[in-house]
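Written out below as structure tokens is the structure these notes cover.
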Amino acid sequence: MTETDLATAVRAAVDHWMQTTALAQRHAEMANPAALSATLGAAVERNLMLGGHTPAAARGFVSQAAHRHLQNVFDPVELIDTPQGFFPVPDTGATMAGRAAVLAVHGALNLETISYATENDGNLFVNLVAMPGDGAFAEKSRKSMRGHTDGVSFPFNGEDDAEDVRIAPSPDLVTLVGLRNPMNVPTNLMPLADVLATMLPDDIDELKKPQYSIRSQKTFVQGMKRILGKELVVVDEPVLKDVAGGTYVRYSHSAVVPSEMGGLAEQAANNLEAVCNRVAVPVVVQPGDILIINNRLSLHGRGEVGEDVGGQSRWLLRAYALDTSNLATYKRHLGDRPPHILYP
């Protein structure tokens, strides 16, 4: 199987949905993302089988890779000016098709598209755009971004937070949707396999020790304080974790620090940062593309976005996916919140 094979199957499913549903129906179905994801995912599976590929092969093709770049999976037409905030995502032909493509991919992989109440008010899809103003979020939105994994203060899937078992896992996948990218700003990918192949064994050993404190990333902090009453900080955690068949990573330069500064743990973290910069692979997400990033097997960042805001400036969407087949019900908010919103 190739990326083109999967992209072609997704494109056919999305095109059929866009062409055979009225606008009102698309709105209604998008309001039930789990059902739509299952429907579109089944269509992707049928398309793959027509091409001689099994759904299991597709799942392995994605889950075992640091990233997959699916090009031209939807038509980026009927766009308005680029938004100037994380949410809401405007309803246009392109944003509908792009979101449908994400739901189709996640459905075919047997993953649930999820969000967290502590980030962006639990919105399932968010805009990645340059923002106006001088605040921390605005300035960061226009700058480059170093290598990190998303939801870094949350545990790996299948594990519990040491102090609060309700805390849900970090996402398995980070999925980006290309709507506009006039300056060809790259998403920089740092495959963990390449990172580990370059690092010294002693540094790798240090990163596997439970000797790091991990804070919430900035987009989560306000929500953490609102829901938990404080920022989520976990202590005595490793950056790297050996699992069946490989090694996982959770890291963010701005959120992960050694419990004791000045020693081998700090040196290993600094060397990890340096290696990430050396092995980074730039991928330009063009309009109509989807970039699937494995949040366990790759770190990611981006090039400098620039000062252009609104208008025809860069516009991506972002969504998360998680294998929730064994997720405890109490790790969801539920109540008056949609089921896809996880705790906290």
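Of all the residues in segment 261-300, those that are farther than 12 Å from VAL195 by Cβ, surrounded by fewer than 18 Cβ atoms within 10 Å (Cβ to Cβ) and over 19 Å from the mean Cα position of the chain (by Cα) number 7. Checked against (1) charged (D, E, K, R); (2) farther than 22 Å from LEU189 by Cβ; (3) touching a residue at least 24 places away in the same chain (Cβ under 8 Å), GLU159 passes all but a single condition, namely (3).
Filtering segment 111-142 down to residues that are out of contact with any helix residue (DSSP H, G or I) (no Cβ under 6 Å at 6 or more places or on another chain) and acidic (Asp, Glu), which residue is modelled with the lowest pLDDT? My answer is ASP134. In the set (1) of a type in the set (A, V, I, L, M, F, W, C); (2) in a helix (DSSP H, G or I); (3) touching a residue at least 40 places away in the same chain (Cβ under 8 Å), the condition left unmet by MET190 is number (2). Considering THR113, THR82, THR92, the condition of being hydroxyl-bearing (Ser, Thr, Tyr), under 30 Å from ARG46 (Cα atoms) and surrounded by fewer than 24 Cβ atoms within 10 Å (Cβ to Cβ) is satisfied by THR92 alone.
The set of residues in segment 147-169 that are outside any loop (DSSP other than H, G, I, E, B) and in contact with a helix residue (DSSP H, G or I) (Cβ under 7 Å, 6 or more places away or on another chain) contains only GLY147. Where strands (runs of 3 or more DSSP E) fall entirely within segment 193-260, those with at least 3 residues that are more than 21 Å from the chain's Cα centre (by Cα) and under 30 Å from ALA136 (Cβ atoms) are at 233-237. Taking segment 170-186 as the range and being assigned to a loop (DSSP other than H, G, I, E, B) and either among the polar types (S, T, N, Q) or within 18 Å of the chain's Cα centre (by Cα) (or both) as the test, the residues that pass are SER170, PRO171, ASP172, ASN181, ASN184, VAL185. Can you work out which of the residues in segment 307-339 that are among the hydroxyl-bearing types (Ser, Thr, Tyr) and closer than 24 Å to ILE293 by Cβ is farthest from the chain's Cα centre (by Cα)? Checked segment 307-339; the qualifying residue farthest from the chain's Cα centre (by Cα) is SER313. Report yes if LEU200 is surrounded by 14 or more Cβ atoms within 10 Å (Cβ to Cβ) and at pLDDT 95 or above, otherwise no. No. Taking the criterion of being aliphatic (A, V, I, L, M) and assigned to a loop (DSSP other than H, G, I, E, B), the residues of segment 123-146 that qualify are LEU124, ALA130, MET131. Of the residues examined, SER153 is one that is out of contact with any His (no Cβ under 8 Å at 6 or more places or on another chain), over 28 Å from LEU70 (Cα atoms), buried (at least 21 other Cβ atoms within 10 Å of the Cβ) and touching a residue at least 24 places away in the same chain (Cβ under 8 Å).
Screening the candidates LEU179, LEU128 for the property of being more than 30 Å from GLY335 (Cα to Cα) and in contact (Cβ under 8 Å) with a residue 12 or more places away in the chain yields one hit, LEU179. Residue by residue through segment 229-245, note down the ones that are on the phi < 0 side of the Ramachandran plot and surrounded by fewer than 17 Cβ atoms within 10 Å (Cβ to Cβ). LYS230, GLU231, VAL233, VAL235, ASP242, VAL243, ALA244, listed by residue number. Residue pairs whose Cβ atoms lie under 6 Å apart, separated by 6 or more positions or on different chains, with the first residue in segment 207-221 and surrounded by fewer than 17 Cβ atoms within 10 Å (Cβ to Cβ) and the second modelled with pLDDT under 95, are SER213/SER259. Among the residues of segment 322-333, is there at least one that is acidic (Asp, Glu) and in contact with an Asp or Glu (Cβ under 7 Å, 6 or more places away or on another chain)? For segment 322-333, residues acidic (Asp, Glu) and in contact with an Asp or Glu (Cβ under 7 Å, 6 or more places away or on another chain): present. The single condition from (1) in a loop (DSSP other than H, G, I, E, B); (2) surrounded by 21 or more Cβ atoms within 10 Å (Cβ to Cβ); (3) of a type in the set (Gly, Ala, Ser) that GLY310 fails is (2). Report yes if some residue within segment 272-280 is over 30 Å from ARG314 (Cα atoms), out of contact with any strand residue (DSSP E or B) (no Cβ under 6 Å at 6 or more places or on another chain) and not polar (S, T, N, Q); otherwise report no. No, every residue in segment 272-280 fails to be over 30 Å from ARG314 (Cα atoms), out of contact with any strand residue (DSSP E or B) (no Cβ under 6 Å at 6 or more places or on another chain) and not polar (S, T, N, Q).
The values are calculated or read from the model by the stated rules, or taken from the named source; none is laboratory data. All values derive from a computational prediction rather than experimental measurement. Ideal geometry is used to build each Cβ from the backbone, glycine not excepted, and the neighbour counts take in all protein chains shown.
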